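All remarks here apply to the structure that follows.
The values are calculated or read from the model by the stated rules, or taken from the named source; none is laboratory data. This one's a predicted model, so the numbers in the text were calculated from it and none came from an experiment. Glycine also receives a Cβ, built like all others from the backbone with ideal geometry; neighbour counts cover every protein chain displayed. To get the accessible areas, we keep the full protein, side chains included, count just its heavy atoms, and leave off ligands, DNA and RNA. Shrake-Rupley method; radii C 1.70, N 1.55, O 1.52, S 1.80 Å.
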Amino acid sequence: MATVRTSIHGYWSSRFVFVLAAAGSAVGLGNIWKFPYMAGENGGGAFVLIYLISIAVFGIPVMMSEVLLGRRGRSSPIHTMSILADDEGRSKAWQLLGLMGVLAGFLILSYYSVIAGWALSYVVDTASGTFSGVTAEQAGEVFNNLVSNPQRLLFWHTLFIVLTMIVVLRGVSKGLESAVRILMPALFLLIIIMIAYAILNGDFFAGLKFLFEPDFSKLSPDMVLKAMGQAFFSLSLGMGAIMMYGSYLPEDASIATTSFQVALADTLVAILAGLAIFPIVFANGLEAGQGPGLIFNTLPIAFGQMTGGLLFGTIFFVLLVFAAWTSAISLIEPAVAWLIEKFSISRLSSSIICGFVTWFVGLGTVYSFNTWTKIEVFNGTFLEGKSFFDLLDYLTSNIMLPLGGILICIFAAWLMTEKSRHDELKIKHDGAYKLWRFLARYVTPIGVIFIFLHVLGVLEKINLT
Ligand code: PHE
């Protein structure tokens, strides 16, 4: 029997809209804010290489598996997992995978929103001419003034959560479609303009070299973990966002093609963002490894100097906010949809509850950049020196998302019947189907666990490496 369910939350109007929405989820602060600073902190080329490999061998198979499960279950991730566990005669405990995803979504959005708040604040700064003719030092000061002021961070964080919940409470397909259709291409265009500026005025060659010349002495287990985590984070994998969006996907759309397109678009934006930023970093003698403030310390210099910078800069930060917005929506949608299904409450109540919880947890990140920069209880442990923000980021990107990803693969590629997964994926080419199954069965789970064990030092202890 072919299992065709319906979604109570609606559908995308076409396959193309799903690609846009999934790309909207994937492309966000992860590409433009996080990828450059992570690459900068971890030595450039080698990190980029591992990131790209992770996208290909883990990212694409996990994305296909996640969309597959979502479309088959047609519910929020927690319910989808419970329905599919029933279908396939597996333990109900698989719901916990959905639950871990909902938790990861809350935790990520709580800090994501604070960073999106920085971008909001930069819209106002740029538009009001703060950066005209600015030096690197002055740009740094503007950034420090912002992050050292909890009230300002709180204001922007609150505004961003409200914006996000407004779209979510209208229902994802209505709220999202129009936004993504125009804004994503516009963002792409602006990054190209930035690259043109970087070629003309930055040290483009140094930027290229930094991003693409791997220095393998920089390789370490922790760096590999971070590059892999960044791949999961950037593609929005492992926490149910893509599963949720897959549940709105029309029956006849090809999961393989759409996943491939989303992964490609996402990777391209990250690489292009790197190409726009590092030439400016090197031309101005800035520190590539300075951390989360990187783009906020570099791009304003470029906007301050280029002709039309006021306009371009303002548009850029507006688009960055939009990119963050479309990702934020996907971070919280699984939780909102689940509360609606579970307690039969309205979308409005569910959105308010989820928004409030996320906002509250976000306070920890607001203070991470000023009054509470280290969590003292960790002194003397390997987490010593980490802030609340660092901790959440590390825990979600590097542990929860990859763990979710392998569990998704295990369910899709091992525990479902051959017929279920084959029917749902509808890949016509047998070789392509087998390649997905091989990657999802062996390469992703073994690869990710291998990296986990490496970081824990287990392999070294038993003399495996
Ligand atoms: N992929 C988003 C970004 O790059 C972040 C995100 C992670 C969204 C996980 C949903 C789920 O900004």
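Brief remarks follow.
- Condition broken by THR307, with the remaining ones in (1) at pLDDT 90 or above; (2) over 30 Å from VAL162 (Cα atoms); (3) open to solvent by 10 Å² or more (accessible area, probe 1.4 Å); (4) more than 16 Å from the ligand (Cβ to nearest atom) satisfied: (1)
- Only a single item in (1) open to solvent by 40 Å² or more (accessible area, probe 1.4 Å); (2) outside any helix (DSSP H, G or I); (3) small (Gly, Ala, Ser) is not met by ALA432, and it is number (2).
- Of the candidates TRP325, TRP372, the single residue that is part of a helix (DSSP H, G or I), open to solvent by 10 Å² or more (accessible area, probe 1.4 Å) and closer than 24 Å to GLY291 by Cβ is TRP325.
- Filter result for SER65 (away from the ligand (no atom under 13 Å from the Cβ), among the polar types (S, T, N, Q) and open to solvent by less than 10 Å² (accessible area, probe 1.4 Å)): yes
- Contact map, segment 341-363: first residue under 11 Å from SER110 (Cβ atoms), second residue among the hydroxyl-bearing types (Ser, Thr, Tyr) and open to solvent by less than 80 Å² (accessible area, probe 1.4 Å), Cβ cut-off under 6 Å, separation 6 or more or different chains; pairs are THR358/SER110; VAL361/SER110; GLY362/SER110; GLY362/SER113.
- Scanning segment 107-135 for residues being within 14 Å of the ligand (Cβ to nearest atom) and in contact with a Lys or Arg (Cβ under 9 Å, 6 or more places away or on another chain) gives a total of 1.
- Number of residues in segment 41-54 that are open to solvent by 10 Å² or more (accessible area, probe 1.4 Å) and either modelled with pLDDT of 95 or more or at negative phi (or both) equals 6.
- Flag: VAL134 does not match the condition of being β-branched (Val, Ile, Thr) and in a helix (DSSP H, G or I).
- Hits in segment 84-106 (condition: under 23 Å from SER254 (Cβ atoms) and either aliphatic (A, V, I, L, M) or within 16 Å of the ligand (Cβ to nearest atom) (or both)): LEU84
- Of the helices (runs of 4 or more DSSP H) lying entirely inside segment 182-294, those containing at least 3 residues that are open to solvent by less than 30 Å² (accessible area, probe 1.4 Å) and within 15 Å of the ligand (Cβ to nearest atom) span 221-234, 241-246, 255-283.
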